[in-house]
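Visitor: The structure's right below; bear with me while I get my questions together.
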Amino acid sequence: MTSDTTAENRRVPIRLRVNGSTESAAVPPRLLLSDFLREGLGLTGTHVGCEHGVCGACTVLIDGTAARSCLTLAVQADEADITTIEGLAEPDGTLSTVQQAFADHFSLQCGFCTAGFLMSIAGELEQGMTEPEIRELLSGNLCRCTGYQSIVEAAVELAGTREA
Amino acid sequence: MTADDVDDVGTYPDYIVINKPVNQRPLRGDVVRYVGAPIAAVAATDRYAAEDAVEALAATLEIDELSPVMTVEQATSDEAPLLYPEWGDNKVVDLVGDRPEVRAALDAAPHRFTETYVVQRQTPLPMETRGVVAEYRDGRLSVWVSHQSPHIARTTYAMLLGLREADVRVVCPRVGGGFGGKTHVYSEEIVVAHLAMKLGRPVRWIEDRAEHLVASVHARDQRHVVDVGYDDEGHIHAMRCHVICDVGSGEVFMAGTCPSLVSGGVMTGSYDFPNLEVSTTCVVTNKTPAGAYRGFGAPEGVFVMERVIERVARLVGKDPNDVRAPMILQQSQMPYTMPGGGRIDSGSHQQTFERVIELGTEALQRVQARFEDDPKVRVGVGYTNYVEPCVPTYFATTGHWAGYDAATIRIEPDGGATVAVGVAEIGQGMVVTTRMLAADALGMNLDDVAVVMGDTDRAPYGLGAWGSRGAVVMAGSVVKAAEVVLDKARVIAAHKLEAAAADVVLEDGAFTVRGSPGGTAVTWAEVATAGVIRTIELPKGLEGGLDAAATYEPYALEHFPDESGRIHAAATWSNAAHAAVVAVDLRSGHISIEEYFVVHDCGTIIHPNVVEGQIVGGVAQGIAGAMYENLPYDPETGQPQFASFMEYLVPTMSEIPPVQTEHFESPAPEMPLGIKGVGEAGTIGPPAAITNAVCFALADYHLDITETPVTPMTIRAAIRGSKDRT
Ligand code: FES
Ligand code: FES
């Protein structure tokens, strides 16, 4: 049933760091980074809610900057340093400050959007940001459960108390 | 795999007797009634290959286009093409209200108006789309599925696939939201399971968002045609309301017709309003089937009732709250039977209403001061009252299941407990709520209680998560089962303490003899070890084992309407009042919600954070319906005009304001521990409250909104219209 075997069978070698460990793979050029992380590396903490760049569920850090893994091809991540939600907590399982703030403020219900919010905050939240600035910053992440209030509360606390 | 390949799979049953049958097949063959109907499945080793194959297959499809039926008007016109020719019309449900006393009261009323109110189409839209993984191995089918009702899914899979129910296991791990949309047992689940059985290997299907928007249920899409009689004092004497719901093609299990019955049943909510006659018609069209969505008909009914109140107030020159006040239910009227037969057991309707007016009045002044210097911004406050039906019968929705749920408690030898329940976790906090309640009922620490739900092999048969019922039916069954194990535990402890069982009390995880503080104590662990392992330590004649199963079903719940169509279909009723304060920019039409208040009463509160999360999250979805989300179709071609979040506007943090909540607690007299429901409450109020606020703000323009969503376009058109008139 395949139409263009050559294109589909093409593989491009990539080498990148994911949560501190080096990964090498040969991937099809059209493979999304989100699919590479979830299917290729089994890092299913990165969620996929729309695959068109609106919901923010798939947010990861690429070289320290929050980015949408559904709008990024795996081949574009060659040589990049990626952090996913799996890389946020300490290796012993101790929650990061951002995660702990979410737990303290009941900032999740179903949790589907949570990884995206946490990565956006981990990558982009700056000390001293005001609530309107935070709402602007995180308006690229959709949550259907919480009504956002508890997420805003966690982020405001982080902006005020987190060490720079 | 196409329709021919599922010949050996059953057809979905049409259980609801008042509905005309749709005979839904897992894959549609000769007639395809909507964009999004499953017609073929392709299995491949990865998703990219499967999508290539689907594209290739689509190119070979031969389709004869029929003329679509896209609106209520088209569906009910005499020349309408029929979706199901055997019906003779396009009405899947048609119930005509007949209350002569209401018509007489209307005729006698000094004034009357008629109006049509419209609530648009939405979709529940959990952030996690649907997903299914199925495996058939050693004669057993296992299905992991993002679903709200694992056991109902299992029963349906077994029935359609011809398997013994004991040979099907359904697991619903960490469901990423449901909001009603995942109560339905969809075709794709059957097809994936069937493929797994045919291929002898695991098969997975994850819905993408574009698929979700056309293939998962839609909801709302109602119009209400009302005829209202009132007098110069603003007393509303009587109302007739024809609820007309566009349920799409109707091919969904369970059917999406019940919400429209709820709309008429609960619209008068917090008001003493006996003279209501409701008729209900559900039409089929060439749209995605409608189904369950948080609020389940209540937001539509309440929107209409509150807009009617505001219209009457405007016509007689009164403050709308002065029209509401004489009708608001008093505590002395409890229990109060509504015109549709629902019996409101208890509540604080008047107190929540009065409190929200205080909050709204103060907030209005604050916001007016904020925009004082801007003549192009108008500020308004809007109110609404309503009740939330909780713990409903499922029979009206499904024609098969009713109101039952179950729990089993197993005390483990180490003194911990495994508590398994038939309700389900979809992100609404049911696991923590169950753990908290069970620990309390068993006198254990939270850490000693393991909760099991969402796995049909491990949990007792239950109906899952829907209907603002989970806490009540979980509590009802858990408390009963806990009593059974506690009774036996006390006998064992008494034997060890050499006391009478009646004198044994359980405090802080230890059994002691009443009135002997500091005396000998026996721990849960000791009792459990004796009860389960060291049965030699049991009193003579007592058998080993420390477990119990219990079921719960609210006894007063009615599953069938009486001769006049009245039904007490929900066991208990939460109530609330909302106030919205908005600022409307006359230049752009932009509406900003400056402050939002919910004064709520859901009876006894078990877990305050869970309740808060349900209300605030519910309000956000209500705001989405009031102002943003819509699912329009091209009336000529039947094509959906939405394919992504670029068209379906889910509000973000920038649109959803902080929501301030306050609580009253009126325990439900007939429910375990006085608990009521809270899952849907927040969603019901915003369309009414926000629309009322916008009309208040634009009073100079005589705006009388009859349709949601209320958008900047609505505002600008109204301003233009009013200029044209002057
Ligand atoms: S999945 Fe990437 S933005 Fe939605
Ligand atoms: S917690 Fe469910 S989508 Fe955010």
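The values are calculated or read from the model by the stated rules, or taken from the named source; none is laboratory data. In this text the structure is predicted, and so the values were computed from the model without any measurement. All Cβ positions, even for glycine, are placed from backbone atoms using ideal geometry, and neighbour counts span all protein chains on display. Ligands, DNA and RNA are excluded from the accessible area calculation, which covers all protein heavy atoms including side chains. Shrake-Rupley method; radii C 1.70, N 1.55, O 1.52, S 1.80 Å.
Results for (1) more than 14 Å from chain A (Cβ to nearest Cβ); (2) part of a helix (DSSP H, G or I); (3) modelled with pLDDT under 95; (4) over 24 Å from B:ASP601 (Cβ atoms), shown as yes or no for each residue.
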| position | (1), (2), (3), (4) |
| --- | --- |
| B:GLN428 | no, no, yes, no |
| B:MET444 | yes, no, no, yes |
| B:ASP447 | yes, yes, no, yes |
| B:ASP457 | yes, no, no, yes |
| B:GLY467 | yes, no, yes, no |
| B:MET474 | yes, yes, no, no |
| B:VAL479 | yes, yes, no, no |
| B:GLU483 | yes, yes, no, yes |
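Visitor: Now a separate question. Do you know which residues across the range B:587-622 are away from chain A (no Cβ under 14 Å), out of contact with any Gly (no Cβ under 6 Å at 6 or more places or on another chain) and open to solvent by 20 Å² or more (accessible area, probe 1.4 Å)?
Guide: B:ARG587, B:SER588, B:HIS590, B:ILE605, B:ILE606, listed by residue number.
Visitor: What residue, among those in the range B:23-47 that are open to solvent by 50 Å² or more (accessible area, probe 1.4 Å) and of a type outside the set (A, V, I, L, M, F, W, C), is nearest to B:GLY200 (Cα to Cα)?
Guide: In this case the residue turns out to be B:THR45.
Visitor: In addition: Quick check on the range A:98-105. Is at least one of its residues closer than 24 Å to A:ARG17 by Cβ, more than 15 Å from ligand 1 (Cβ to nearest atom) and in contact (Cβ under 8 Å) with a residue 12 or more places away in the chain?
Guide: Yes, because at least one residue in the range A:98-105 is closer than 24 Å to A:ARG17 by Cβ, more than 15 Å from ligand 1 (Cβ to nearest atom) and in contact (Cβ under 8 Å) with a residue 12 or more places away in the chain.
Visitor: While we're on this one: Select from the range A:32-53 the residues that are within 9 Å of chain B (Cβ to nearest Cβ) and open to solvent by less than 30 Å² (accessible area, probe 1.4 Å) and write down the one among them that is farthest from ligand 1 (Cβ to nearest atom).
Guide: First, the residues of the range A:32-53 that are within 9 Å of chain B (Cβ to nearest Cβ): A:35, A:39, A:47-53.
After this cut, where a residue has to be open to solvent by less than 30 Å² (accessible area, probe 1.4 Å) as well, the list is A:35, A:49-50, A:53.
Working: A:ASP35: 11, A:GLY49: 4, A:CYS50: 3, A:GLY53: 5 Å.
It comes out as A:ASP35.
Visitor: Inspect the range B:273-281 for any residue being of a type in the set (D, E, K, R), farther than 30 Å from B:VAL35 by Cβ and open to solvent by 10 Å² or more (accessible area, probe 1.4 Å) and give the result as yes or no.
Guide: So in the range B:273-281, the residues of a type in the set (D, E, K, R) come out as B:277.
Filter once more, keeping what is farther than 30 Å from B:VAL35 by Cβ: B:277.
From the residues that got through so far, the ones that are open to solvent by 10 Å² or more (accessible area, probe 1.4 Å) too are none.
Looking for residues that are of a type in the set (D, E, K, R), farther than 30 Å from B:VAL35 by Cβ and open to solvent by 10 Å² or more (accessible area, probe 1.4 Å), one finds none in the range B:273-281, hence no.
Visitor: In this structure, does B:SER654 turn out to be among the small types (Gly, Ala, Ser), free of Cβ contacts under 8 Å to residues at least 40 places away in the same chain, within 11 Å of another protein chain (Cβ to nearest Cβ) and open to solvent by 10 Å² or more (accessible area, probe 1.4 Å)?
Guide: Details: among the small types (Gly, Ala, Ser): yes; free of Cβ contacts under 8 Å to residues at least 40 places away in the same chain: yes; within 11 Å of another protein chain (Cβ to nearest Cβ): yes; open to solvent by 10 Å² or more (accessible area, probe 1.4 Å): yes.
Criteria met by B:SER654.
Visitor: Here is a further query. Which residue out of B:ASP455, B:ASP440, B:ASP503 is open to solvent by 20 Å² or more (accessible area, probe 1.4 Å) and out of contact with any Lys or Arg (no Cβ under 7 Å at 6 or more places or on another chain)? Outline the logic, then answer.
Guide: Values: B:ASP455 fails: open to solvent by 20 Å² or more (accessible area, probe 1.4 Å); B:ASP503 fails: out of contact with any Lys or Arg (no Cβ under 7 Å at 6 or more places or on another chain).
Unique residue meeting the criteria: B:ASP440.
Visitor: Among what's in the range A:63-75 and is surrounded by 15 or more Cβ atoms within 10 Å (Cβ to Cβ) and farther than 18 Å from A:LEU138 by Cβ, pick the residue that is farthest from ligand 2 (Cβ to nearest atom).
Guide: Top of the filtered list is A:VAL75.
Visitor: Residues that are open to solvent by 40 Å² or more (accessible area, probe 1.4 Å), assigned by TED's automatic domain parsing to the domain that holds B:MET327 and touching a Ser or Thr at 6+ places or on another chain (Cβ under 7 Å), at least 1 per element: which strands (runs of 3 or more DSSP E) completely within the range B:161-247 meet that? Before the answer, list the steps.
Guide: Numbers: elements: B:168-171, B:203-206, B:219-230, B:236-246.
Ranges flagged: B:219-230, B:236-246.
Visitor: Does B:ARG154 count as within 16 Å of ligand 2 (Cβ to nearest atom), open to solvent by 10 Å² or more (accessible area, probe 1.4 Å) and in contact (Cβ under 8 Å) with a residue 60 or more places away in the chain?
Guide: Working: within 16 Å of ligand 2 (Cβ to nearest atom): no; open to solvent by 10 Å² or more (accessible area, probe 1.4 Å): yes; in contact (Cβ under 8 Å) with a residue 60 or more places away in the chain: yes.
It is false that B:ARG154 is within 16 Å of ligand 2 (Cβ to nearest atom), open to solvent by 10 Å² or more (accessible area, probe 1.4 Å) and in contact (Cβ under 8 Å) with a residue 60 or more places away in the chain.
Visitor: Give me the residue from the range B:391-437 that is in contact with a Cys (Cβ under 8 Å, 6 or more places away or on another chain) and within 23 Å of B:GLY301 (Cα to Cα) and, out of that set, nearest to ligand 2 (Cβ to nearest atom).
Guide: B:THR397
Visitor: Let me ask something additional. What single numbered condition from (1) away from chain A (no Cβ under 14 Å); (2) within 30 Å of A:PHE36 (Cα to Cα) fails to hold for B:ARG121?
Guide: (2)
Visitor: Another question, if that's okay. Which residues, taken from the range B:630-644, are assigned to a loop (DSSP other than H, G, I, E, B) and on the phi < 0 side of the Ramachandran plot?
Guide: Filtering the range B:630-644 for residues assigned to a loop (DSSP other than H, G, I, E, B) gives B:630-632, B:634-639, B:641-644.
Once the filter is applied, which keeps residues that are assigned to a loop (DSSP other than H, G, I, E, B) and on the phi < 0 side of the Ramachandran plot, the range B:630-644 yields B:ASN630, B:LEU631, B:PRO632, B:ASP634, B:PRO635, B:GLU636, B:THR637, B:GLN639, B:GLN641, B:PHE642, B:ALA643, B:SER644.
Visitor: To continue, here is another question. When the residues of the range A:31-49 are filtered to those that are within 16 Å of ligand 2 (Cβ to nearest atom) and touching a residue at least 24 places away in the same chain (Cβ under 8 Å), which remaining residue is nearest to A:GLY123 (Cα to Cα)?
Guide: A:THR46
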